[in-house]
1. I'd like to check something: does the range 408-423 contain any residue that is under 26 Å from the mean Cα position of the chain (by Cα) and modelled with pLDDT of 85 or more?
2. Inside the range 113-229, counting only helices (runs of 4 or more DSSP H) that do not spill past its ends, which hold 3 or more residues that are farther than 30 Å from ALA71 by Cβ and not assigned by TED's automatic domain parsing to the domain that holds SER65?
3. Please identify the pairs in which a residue from the range 88-104 that is exposed (fewer than 13 other Cβ atoms within 10 Å of the Cβ) has its Cβ atom under 9 Å from the Cβ atom of a residue that is at pLDDT below 75 and not hydroxyl-bearing (Ser, Thr, Tyr), counting only partners at least 6 apart or on another chain.
4. Restricting attention to the range 383-401, report how many residues are of a type in the set (Asp, Glu) and either buried (at least 21 other Cβ atoms within 10 Å of the Cβ) or not assigned by TED's automatic domain parsing to the domain that holds THR334 (or both).
5. With respect to GLY63, is the statement that it is modelled with pLDDT under 80, more than 30 Å from ARG153 (Cβ to Cβ), loosely packed, with under 13 Cβ neighbours inside 10 Å and not aromatic (Phe, Trp, Tyr) true?
6. Considering only residues of the range 125-152 that are loosely packed, with under 12 Cβ neighbours inside 10 Å and among the β-branched types (Val, Ile, Thr), which is modelled with the highest pLDDT?
7. Out of (1) surrounded by 14 or more Cβ atoms within 10 Å (Cβ to Cβ); (2) among the β-branched types (Val, Ile, Thr); (3) at pLDDT below 90; (4) more than 15 Å from ILE3 (Cα to Cα), what's the single condition that is false for VAL58?
Amino acid sequence: MGIDALIVVAVYYLVLNFRYAGTVSNYVSWTAHFAIFAAVAVIVHITANWLAGAYTIVARYIGLSQAMRVAQSGVGAVACLFLVTVTWPLYSGDVAYLVPRIVVLAGGVVAVAAMIGLRFSPRVLFEATSASKKATERVLLVGAGQAADMLIREIRRTPSLGIQTVGLVDDDPRLKGRTIQGHPVLGTVAETPELVGKHRVTQIVVAIPSASADQIARIYRICKPAGAQIKILPSLADLVSGTISLGDVRALDIKDLLGRPQIQTNVGAISEHIQGQCVMVTGAGGSIGSELSRQIARFNPSKLILVDHDESSLYQLHEGLQTLGYHGYVLCPTNILQRRKIDKLFALYRPRMVFHAAAYKHVPLMEVSPDEAVLNNIEGTLVMAETAGRYGVERFINISTDKAVNPVNVMGATKRAGELIVRMLSDRYPETMFASVRFGNVLGSQGSVIPIFKGQIETGGPVVITHPAMTRYFMLIEEAVQLVLQAAIMVADAVPDGVPDHPFAELDDPPHDLVPRHDRRLVRRQFALGDVEVGVADAAGMHLDEDLALGGVRPLELDELQRPLVDRLGLAQQHGSHEGLRGSLEDIIPIAPMGLGRARCRASTSARPCG
């Protein structure tokens, strides 16, 4: 306040002398009238600043909005002083004003500017000294909009991060050569690789929260060859606070490269069927089961029964649900093969809906342990579905896989058998609506290729792929679960044998998309993974291309599935004959040319297998 008082007196005095000194005869610079005016001016200006909150501003972080507050208070103070000046003759009896009116107006403008400048000076000094510190990261921003402007401001205010903004790129050609916060728009997105080398950029930040999945994928394809680390801001929907900060910047995730928008489902209809109802989820500790449980919990069911044989994953789910604030769940660490225990759970809780996600799904492991695949995926599904039917469950949703279509491996065959069990039980228990939901590779789920590739890359390789020409379709784990919930209220056919209505994303080269480009140098084969070796593993039991539609299916009776397989399973377990069990499985579920599938993979694999 004291400094503001000095500024007010000094500015009005200087303006008065600048205007009249040397131009008026017998001019006196300090008069009684000016002393009165100076005292009134100090009181008015300081009061206006106090009412506007000018004395609560931290000068080091002052911004435009705070400066506007000071300016508005100054305009009010000048208006008040002008009114006092022109009315002075009316209540004082003097014929002259306190000071000339031009001095009030001009002095007020200069005084307000000086007070704003005083408050900005600590920030200017701080940013000037911060800019001189050596930056360890040189950042190029993609997008010259509001998000980029906010990021630049925060980078300036946080010198301890050691980040220097090199410039920006934007697809609007009219912006080239313009500046944002003193940083130039260097060119278009297409020029990024050249600009990265020219300006020694170490990090590229995509500062376009409104960008669609297609735009992000395009920007990534352009920027990837530049060799700089690529980061991104979340979408506007994810930025709940409505503001952008450096804390929102994250590494580009593989799901950002889907090249399509996320699938949205009818959440309102799902809520109507789940809210206030008892719901059971098997395999609740797995990646699909846990996400399914979390999304169901948001719809506030009366009770959520969580079944899984893995106590550790079940406890992790418990911690997650606690964080969500939902407490109406029951943890049941049990195996779905325990008929009596499963029966007790149904008798005790009487669930209205059952989501059966418990399954063995690792293809190579099930190839060497077909007995466990049959027990869990077939016998376990039979136990759950039969029990659900006997207790009059309204809806039973079986989580299946695209590998059940024309299966070429034990896991796919057992999941196909599970689908057929669910279909046939719908005839035996017509009061229960049975359905199987089949989806492909889920990004980030346990056992999917993405976390496997990441782990192999982090340990220095080799990155083991099944076949370079293999095609897979991916969806997000959130999408997969939403589609499961959607299926629960759209139960029509037990098994979706047609081509799915929802689009999938095709990732031609997931390992290549995952490895930071600046870590790569030219190595063998077409995958530029730097020091990370790429190997080709045995493709036994794998399709080169995923089948999305099912061909003709031989109708089976339930007894044909159940009794022969269980009998042979017992013999196989007694004698340790996995091949005998595989043969029994192929007799019942035709494993469409498994040998041919292996031959196709091996014949087109030119590189030596890893390991």
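1. No, every residue in the range 408-423 fails to be under 26 Å from the mean Cα position of the chain (by Cα) and modelled with pLDDT of 85 or more.
2. 192-198, 213-223
3. Every condition considered, the pairs that remain are ILE102/ARG19.
4. The number of residues fulfilling the criteria is 0.
5. Considered against the rule, which asks whether it is modelled with pLDDT under 80, more than 30 Å from ARG153 (Cβ to Cβ), loosely packed, with under 13 Cβ neighbours inside 10 Å and not aromatic (Phe, Trp, Tyr), GLY63 comes out as no.
6. THR136
7. (1)
Condition check ((1) buried (at least 23 other Cβ atoms within 10 Å of the Cβ); (2) in contact with a Cys (Cβ under 9 Å, 6 or more places away or on another chain); (3) without any contact (Cβ under 8 Å) to a residue 24 or more places away in the chain; (4) assigned to a loop (DSSP other than H, G, I, E, B)) across all residues:
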{"site": "LEU304", "(1), (2), (3), (4)": "yes, yes, no, no"}
{"site": "SER313", "(1), (2), (3), (4)": "no, no, no, no"}
{"site": "GLN322", "(1), (2), (3), (4)": "no, no, yes, no"}
{"site": "TYR326", "(1), (2), (3), (4)": "no, no, no, yes"}
{"site": "THR381", "(1), (2), (3), (4)": "yes, no, no, no"}
{"site": "VAL408", "(1), (2), (3), (4)": "yes, no, no, yes"}
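The values are calculated or read from the model by the stated rules, or taken from the named source; none is laboratory data. These numbers come from a predicted model, not from an experiment. FYI the Cβ positions are ideal-geometry reconstructions off the backbone, even for glycines, and counts take in every protein chain you see.
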